[in-house]
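Since the structure comes first, as structure tokens, the remarks are kept for the end.
The values are calculated or read from the model by the stated rules, or taken from the named source; none is laboratory data. Owing to the predicted nature of the structure, the values given are computational and were not obtained by experimental measurement. Note: ideal-geometry Cβ built from the backbone for every residue, glycine included; neighbour counts use all protein chains shown. Heavy atoms of the whole protein, side chains included, go into the accessibility calculation; ligands, DNA and RNA do not. Shrake-Rupley method; radii C 1.70, N 1.55, O 1.52, S 1.80 Å.
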Amino acid sequence: MTTSHGRSPLRTELFRRKPIRPPSETSTTGSGGLARTIGTWQLAAFGIGATIGTGIFFVLSSAVPDAGPAVVLSFVLAGVAAGLSALCYAEMASAVPLSGSTYSYAYATLGEVVAMGVAACLLLEYAVSAAAVAVGWSGYLAAAIRALTGVELPHAILAAPWDADPGVINLPAVVLVLLCMTLLIRGASESARLNMIMVVIKLVVLAMFAVVCFTAFDIDRFADFAPFGATGVTSAAGVIFFSFIGLDAVSTAGDEVRDPQRTMPRALLLALVVVIVFYVLVTVAALGTQPWQDFEGQSEAGLSTILDHVTGAPVWGTVLALGAVVSIFSVTLVVLYGQTRVLFAMGRDGMIPPLFARVSDRTRTPVQNTVLVCLFVAVLAALVPLDDLVDVVSIGTLTAFVVVSLGVLVLRHREPDLPRGFVVPGHPVIPILSILVCGYILIGLSATTWLVFAAWVAVFLLVYVFYGRKHSVLARTRNEEAS
């Protein structure tokens, strides 16, 4: 049986699309009761805060052994892919300025079942990213406490039970997640202001690191530039891409941003420029100070260790460790914020239980949603080692970027006259290049990562088949119209 348009009822259900309703620029309240309190600089700081930190403060120890000094090219490759995708994000954010980022974009352009698959990608990358960042933060906190007080925190409370050197629980990581939960419950504007302060501290500390390292810079460290060839560069780029989740986090704030059709594109592009400049600067400075082989195993407070070796005195490494404790806090805060807003959008659309879309009358935040997310992430951070978390995040981020780029192509074709605060230059070349570059990096990820990813997406598609397909707002609207 088919509909009057020649489509089967099942296909019509799977690919029904959410209407695009740009918000009024004068509105002070977003969809679902969230308050519009975030401006351009605060939103850009969300992107910078969630991006700079993960790729610099501890992912170098995973990426450099894969590529050698050519990891600089890995950062450039990841940056190019992120840059192309950011242009696409900017257009989509100005055309569909809603909470939920790529999930909402996919729902408006590609259909309901695709949106659910994309939601699986986003929730995987956000949850695992927040846990991984919290685990990395634990190492810098231990280094800072050791340098300032001489107290060595017990290994049992600093490592997961399945780590290479097993502990009992990563307690500092759990504490960090719970602190972020408290801030997020208080309100988006409070979180944004605190994040802005932490971002400034982060950039100052990383600039200090680069200046100190360049005093001991040795160009000969780059002699064996690409020991593993193009394969190593691609593999490292896949690991590094884990950190570019921050750009997606910017687009989760669509319902809490003032004048979103202008603010979101500006914030995305500003964040991208700052992130790439600092990534390349710090990476080159670090590689010039020690043999690339020494990066392996420096996952705990790696940049602090480099400064200790360069200066021969603990003071600079201590300053950096303290800066890392503050700045990595901001990464966790923004990533957790992003995940709660994706779940909020899904709950509002009826794709998951409405519990996730309930907003507190007092704080104007989704309190129950936030508590559930943070408890889940705290368990991950407490029990799962860092190396097992990083690759899984990259595949979710890359997939989300591909979907956004594809969404730009589809929306330009389907709704060419839709108001857009930003238009991707060189269309359709830029979106197509974005898809190709992200796809190239995806190919370099391991088979195990792909299997974990496939299993996770399959679970979410089952949730859609047995719950979301029947309970979505679009499904209820259709049933009401039919009756």
Estimated FRET transfer efficiency (Thr311, Thr149; beta-carbon r; R0 25 Å; 0.05): 0.75
Percent accessible area from carbon and sulfur atoms, segment 253-385, protein chains only, probe 1.4 Å: 65 percent
Label point distance in nm, Val273-Gln368, each placed 7 Å from Cα along Cα→Cβ: 4.4 nm
Where N is the number of residues in segment 257-315, Cα Rg divided by 2.2 N^0.38 Å: 1.67
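How big is the convex hull of the Cα atoms of segment 339-381, per residue, in Å³? List each step's numbers first, then the result.
Working: hull volume 2.8 nm³, N = 43.
So the per-residue Cα hull volume is 66 Å³.
In segment 51-163, how does Rg compare with the Kirkwood Rh, expressed as the Rg/Rh ratio over alpha carbon atoms? Walk me through the numbers before you get to the answer.
On the way: Rg = 18.9 Å, Rh = 17.3 Å.
With Rh from the inverse mean 1/r over Cα pairs, Rg/Rh is 1.09.
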Distance histogram for the chain (every C-alpha pair counted, 10 angstrom bins, percent rounded to whole numbers): 4, 21, 32, 26, 12, 4, 1, 0
Computed E for Val168/Ser360 - FRET, C-beta separation, R0 30 angstrom, nearest 0.05: 0.30
Furthest towards positive pole of dipole, Leu372, Val284, Gly238, structure part the chain, Cβ charges: Leu372
At least 27 Å along the helix axis (C-alpha) and Kyte average at least 0.0, DSSP helices within the chain: 71-95, 112-149, 188-214, 260-287, 314-348, 387-414
Inter-probe distance in nm under a simple model that places probes 7 Å from Cα toward Cβ, at Trp450 and Ile219: 4.2 nm
Average accessible surface area per residue within the chain, 1.4 Å rolling probe, Å²: 37 Å²
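How many percent of the accessible area of segment 45-168 is carbon or sulfur, using a 1.4 Å probe? Could the numbers behind the result be given before it?
Working: 1790 of 2540 Å².
So the carbon and sulfur contribution to the accessible surface is 71 percent.
Please give the length that would be gained between Ala226 and Glu296 if that part of the chain were fully extended, namely 0.36 nm times their separation in residues minus their C-alpha to C-alpha distance (nm, one decimal). Don't skip to the end; give the middle numbers.
Numbers: separation 70, 0.36 × 70 = 25.20 nm, distance 1.60 nm.
The span from Ala226 to Glu296 would gain 23.6 nm if fully extended.
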By average C-beta atoms within 10 angstrom, highest first, the peptides 257-264, 357-364: 257-264, 357-364
Per-residue SASA entry for Lys18, accessible area with 1.4 Å probe, Å² rounded to 10: 30 Å²
Estimated FRET transfer efficiency (Phe15, Val200; beta-carbon r; R0 45 Å; 0.05): 0.50
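With each run of n ≥ 4 DSSP H residues scored as -39500 (n - 2.57), what mean residue ellipticity at 222 nm is computed for the chain after dividing by its residue count and rounding to the nearest 500 deg cm²/dmol? It would help to have the intermediate numbers written out before the result.
On the way: 18 runs with 319 residues, N = 483.
Computed ellipticity for the chain at 222 nm equals -22500 deg cm²/dmol.
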